[in-house]
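The values are calculated or read from the model by the stated rules, or taken from the named source; none is laboratory data. Please read these numbers as outputs of a predicted model, since none were measured by experiment. Here the Cβ positions follow ideal geometry from the backbone for every residue, glycine too, while neighbour counts run over all protein chains shown.
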Amino acid sequence: MRNIAIGLSVAVVVACVAPALGAVILPEDDATWRTSTLRNNVVVSGTPFGLFTRASSTNDRAYTEFVIGNTTATAASLKLYNFWSKESAPVNQNVRIRGISSGEAGYVDWADTAGPAPSGTAHESWTIVVDSFNVNNTPAWYTLDITSFYNANLGEKVTLSIRAISGSGDGPIFEDKEGTAGTGNAPQIEWVPEPASLVLLAVGSLFLARRRR
């Protein structure tokens, strides 16, 4: 009977520490800035203006803000959905993601709709989170590895800058937190907790030792 009780305890521990695959963090806020003009959850000339960027200058860029938990991740991905395509000016842009956390000096929350307008190119000094990825003219998800940045900022609020650095054509325009384009594909971080393998090993060893008595 005692061995059965120990076995049940091990089962409970295993259930508690097994990683929850595909945990999702949604944005606290997000916004697009064109120079010092904020555009958030609006339609401009019939076009849903979500998270817009274009490589013509540093003026067109978007920001999204997340609160990261305290648990180390084995993997973390930023997912952005580009809904915009245009036949007359096909999207072909190389986009860079930079980030800053609330624990860093000079933190600016430009994704906050009540926050300050961006000043110059200060965001260009932020940490490069994803150096470059190409966005084409076909609406699609873009899944970007941000594991190192995620684990370096546990317990912090982070603001990510989304800016096209080269390319041609219009857009892209990524879906925003509010779902302005109606796709339902909001920006998100998917992460996998680090498994407590040492705890499982210790409990398993204890279980085996008790059974051998």
Looking only at region 94-143, count how many residues are aliphatic (A, V, I, L, M), farther than 18 Å from Ser57 by Cβ and either outside the structural domain of Glu190 (by TED's automatic domain parsing) or touching a Ser or Thr at 6+ places or on another chain (Cβ under 6 Å) (or both).
2
Got a number for residues in region 157-168 being surrounded by fewer than 21 Cβ atoms within 10 Å (Cβ to Cβ) and over 14 Å from Ala111 (Cα atoms)?
4
Cβ contacts < 8 Å: first residue farther than 22 Å from Ile68 by Cα and at pLDDT below 50, restricted to region 185-203; second residue hydrophobic (A, V, I, L, M, F, W, C) and not in a loop (DSSP other than H, G, I, E, B), any location; separation 6+ or different chain. Result?
Val199/Val13; Val199/Val17; Leu200/Val13; Leu200/Val14; Leu200/Val17
Filter result (over 12 Å from the mean Cα position of the chain (by Cα), in a strand (DSSP E or B) and more than 17 Å from Ser148 (Cβ to Cβ)) within region 59-79:
Asp60, Arg61, Ala62
Determine whether Asn82 is assigned by TED's automatic domain parsing to the domain that holds Val130, surrounded by 22 or more Cβ atoms within 10 Å (Cβ to Cβ) and either modelled with pLDDT of 95 or more or polar (S, T, N, Q) (or both).
yes
For region 103-132 the number of residues that are surrounded by fewer than 15 Cβ atoms within 10 Å (Cβ to Cβ), modelled with pLDDT of 95 or more and not charged (D, E, K, R) is 2
Among (1) within 14 Å of Asp30 (Cα to Cα); (2) out of contact with any Pro (no Cβ under 6 Å at 6 or more places or on another chain) - the single one Asn153 does not satisfy
(1)
Answer yes or no: is there a residue in region 63-73 that is closer than 19 Å to Pro139 by Cβ and buried (at least 16 other Cβ atoms within 10 Å of the Cβ).
yes
